[in-house]
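Only one structure is covered here, and it is reproduced in the block below.
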Amino acid sequence: MGDEKVIALLLMQQIAVLFLIMGLGFLIVKLGIVKTEDSRVLSMVTIYLVLPCVTIHAFQIEYSTKIRNGFLLAVAVAILIHVVLFVVCGILRKLLKMDEVETASLIYSNAGNLILPLVTSILGEEWVIYASGFMCVQTIIVWTHGQSLMQGQRQVNLKKIVQNINLIAILTGLVFFLCNIHLPEIIDSMTSSLAGMIGPISMVMIGMLLAGVDWKLVFGKRRIYGIVFLKMIVVPGIITLCLKLAAPLIPMENAKTILLISLLAVIAPTAVTITQMAQLYKRDAAYASSINVFTTLVCIVTMPLMVMLYMI
């Protein structure tokens with residue numbers, strides 16, 4: 001994995017860079033150049049164009065048993081992480097009488113818009129394939145368990161799973177990788193160029209969204225502080241400890257780095273999907289949005305702390 005201290009330091013620096021870009025997105029709204037609502041366009045571009053290109057380009061590498069096993073490890077770790085999250089959050093829900101929005105907010109993280117830029121910038125494009133393993137697992141779970149939780153009844157939305165553009169991109173890229181299929185050079189160059197946009201466009205979009213936030217609503221509800229503490233400190237701390245203990249036990253050369261990528265996905269802010277589901281199923285969408293915003297701000301500090309805890 002290289003010098004672990006160097007990677008930790010680079011990660012902290014890149015988080016700072018991304019959040020400075022987020023600040024620029026915030027600024028252009030406050031200066032009246034664009035409106036908060038315009039962020040929806042960037043969001044659509046990111047989800048339906050940039051993220052799929054990031055994923056497909058990541059799989060455009062020579063097939064090897066080492067990479068295949070690493071991807072399978074990433075998938076297995078993602079499944080085990082969600083099992084731990086279900087158990088821990090299930091206990092917390094009973095003890096603290098948490099509602100559906102709070103429970104879902106603790107379990108599901110914004111593993112796409114924030115983690116892919118970090119992995120690309122710090123570790124390199126070749127590591128995105130392992131981040132895709134986590135995203136694949138979470139996409140399936142969020143549209144099965146997550147939707148059932150928010151809806152208040154057991155129902156699997158197979159249509160949402162099958163039609164999810166990023167899951168389609170992961171499966172397409174995986175087929176290309178396993179069959180050793182390489183895109184024509186001009187197409188690969190195009191996906192590479194679009195993939196390079198992931199960090200800036202994601203953070204500008206988030207900054208524009210934050211510029212339109214009602215901060216009194218975010219900080220005015222006392223219970224939100226406890227939920228954010230659980231989401232960004234307690235739950236990630238448990239996962240960090242588990243992964244730290246598991247890493248030396250896995251006989252694979254890059255195991256610690258792959259587990260680090262999985263950790264980054266877990267310690268990210270709450271998934272935007274939870275807010276969207278809260279709106280759809282008439283839950284407290286404003287509260288869900290507030291948790292998302294609060295955790296996004298807090299992760300500036302908590303993500304480097306958790307990474308340092310894992311690396312030492």
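The values are calculated or read from the model by the stated rules, or taken from the named source; none is laboratory data. On a predicted model such as this, the values are computed, not experimentally measured, just so you know. Cβ sites come from the backbone with ideal geometry, for glycine too, and all protein chains shown count toward neighbours. Heavy atoms of the whole protein, side chains included, go into the accessibility calculation; ligands, DNA and RNA do not. Shrake-Rupley method; radii C 1.70, N 1.55, O 1.52, S 1.80 Å.
Tabulated data for the structure shown
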{"read-out": "Accessible surface, per residue, of region 15-128 when the full set of protein chains is kept, probe 1.4 Å, Å²", "value": "45 Å²"}
{"read-out": "Under 5 Å, built H, 5+ apart or other chain: amide partners of SER109", "value": "ALA271"}
{"read-out": "The chain, relative contact order in percent, only Cα pairs under 8 angstrom and at least six apart counted", "value": "33 percent"}
{"read-out": "Cβ-based net charge around MET277, under 11 Å, with every Lys or Arg adding one and every Asp or Glu removing one", "value": "+2"}
{"read-out": "Cα gyration tensor shape of region 1-147, rounded if a/c is under 1.5, else prolate or oblate by comparing a/b with b/c", "value": "oblate"}
{"read-out": "Axial C-alpha extent at least 18 Å, average Kyte-Doolittle at least 1.6 - helices from the chain (DSSP)", "value": "4-30, 65-96, 128-141, 165-178, 198-211, 285-311"}
{"read-out": "Efficiency of FRET between ILE300 and SER148 - r from beta-carbon atoms, R0 30 angstrom, step 0.05", "value": "0.40"}
{"read-out": "Relative contact order (percent, whole number), region 1-131, Cα cutoff 8 Å, 6+ residue spacing", "value": "37 percent"}
